[in-house]
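Report on the structure given below.
The values are calculated or read from the model by the stated rules, or taken from the named source; none is laboratory data. No experiment lies behind these values; they were computed from the predicted model shown. Heads up, the Cβs are rebuilt from the backbone with ideal geometry, glycines too, and the neighbour counts pull from every protein chain shown. Please note that ligands, DNA and RNA were not included when accessible areas were found on the heavy atoms of the full protein model with its side chains. Shrake-Rupley method; radii C 1.70, N 1.55, O 1.52, S 1.80 Å.
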Amino acid sequence: AQSVTQLGSHVSVSEGALVLLRCNYSSSVPPYLFWYVQYPNQGLQLLLKYTTGATLVKGINGFEAEFKKSETSFHLTKPSAHMSDAAEYFCAVGWEYKLSFGAGTTVTVRA
Amino acid sequence: KAGVTQTPRYLIKTRGQQVTLSCSPISGHRSVSWYQQTPGQGLQFLFEYFSETQRNKGNFPGRFSGRQFSNSRSEMNVSTLELGDSALYLCASSLPGAGTEAFFGQGTRLTVV
């Protein structure tokens with residue numbers, strides 16, 4: 001079975017600081033990996049996805065993620081946090097017509 | 001291009017009742033999947049449909065069912081509602097093929113009292 005683990009249920013950063021959200025996956029085959037963001041009372045919005053090819057994936061709103069097969073990781077970063085980045089972030093692995101999500105990481109941004 | 005539309009946005013039901021939720025996918029998307037989101041269990045996969053066929057189903061009781069119509073619109077039904085069914089139900093649509101991204105609707109917030 002495919003699964004993901006997100007390290008840290010809550011991250012607090014200062015505005016302008018680096019955002020780093022950790023995700024590790026378990027997969028017996030090459031995975032399809034995704035990061036989604038959810039704002040309060042909203043659905044999920046895709047930030048970026050990894051399928052095959054380049055290991056550094058760029059997404060929307062300045063986010064990027066690096067796929068490291070040796071570490072089975074797909075960590076999400078953003079060099080400089082903005083107040084609008086406050087939300088919940090989910091890592092997911094796609095397999096057999098479904099997504100398996102991590103537990104989510106809530107990001108708060110301090111002014 | 002219109003996004004995934006879920007109706008209604010909010011529902012309040014009484015224990016024992018049944019409920020039907022609706023999802024209209026993005027035009028051209030033939031795969032529709034459903035997820036339940038709760039504070040305790042997080043995001044859990046319910047089922048996925050493609051061309052009116054269920055291709056995968058999550059670990060939920062038989063009270064949860066779904067279907068897809070020829071125009072790709074989908075409905076899910078929950079019968080004999082329990083308090084624990086209170087959740088945000090999210091629908092997502094995607095193009096066929098492995099690794100394609102899922103686009104989510106805003107969800108239906110179901111409260112069972």
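Values for this structure:
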| quantity | calculated |
| --- | --- |
| Dipole magnitude of chain B, debye to nearest 20 (Cβ charges: Lys/Arg +1, Asp/Glu -1, about Cα centre) | 160 |
| Summed buried accessible area for A+B [probe radius 1.4 Å, Å², rounded to 100] | 1600 |
| For the stretch A:10-88 versus the stretch B:38-108, the gap between their alpha-carbon centres in whole angstrom | 24 |
| Cα-based reach from B:K57 at 28 Å (exclusive), listing lysines while leaving out same-chain residues under 8 positions away | A:K49, A:K98, B:K13 |
| Considering only the stretch A:1-74, percent of DSSP beta bridges that pair antiparallel, nearest 5 | 100 |
| Other-chain or far-sequence residues with amide H under 5 Å of A:A87's (modelled H) | A:V107 |
| Calculated from backbone phi, Karplus (6.51, -1.76, 1.60) coupling profile of the stretch A:76-90 in Hz, x at Gly/Pro | 9, 9, 8, x, 9, 6, 10, 4, 6, 7, 5, 5, 10, 10, 10 |
| Per-pair calculated FRET efficiency, R0 = 41 Å: A:L7 and B:T53 via Cβ, rounded to 0.05 | 0.65 |
| Accessible carbon and sulfur surface of chain B relative to its total accessible area, %, 1.4 Å | 48 |
| Chain A - percent of accessible surface contributed by carbon and sulfur, probe 1.4 Å | 53 |
| Mean shadow area of the protein assembly as shown over all directions, Cα convex hull, nm² | 12.4 |
| Fraction of the pair-distance distribution of the stretch A:23-101 above 22 Å, Cα-Cα pairs, percent | 22 |
| Binned Cα-Cα distances of the stretch B:1-91, short to long, each 10 Å bin given as a whole percent | 17, 51, 28, 4 |
| Probe 1.4 Å, protein heavy atoms only - accessible area per residue of the protein assembly as shown in square angstrom | 47 |
| Share of Cα-Cα pairs in the stretch A:1-67 lying beyond 17 Å, as whole percent | 51 |
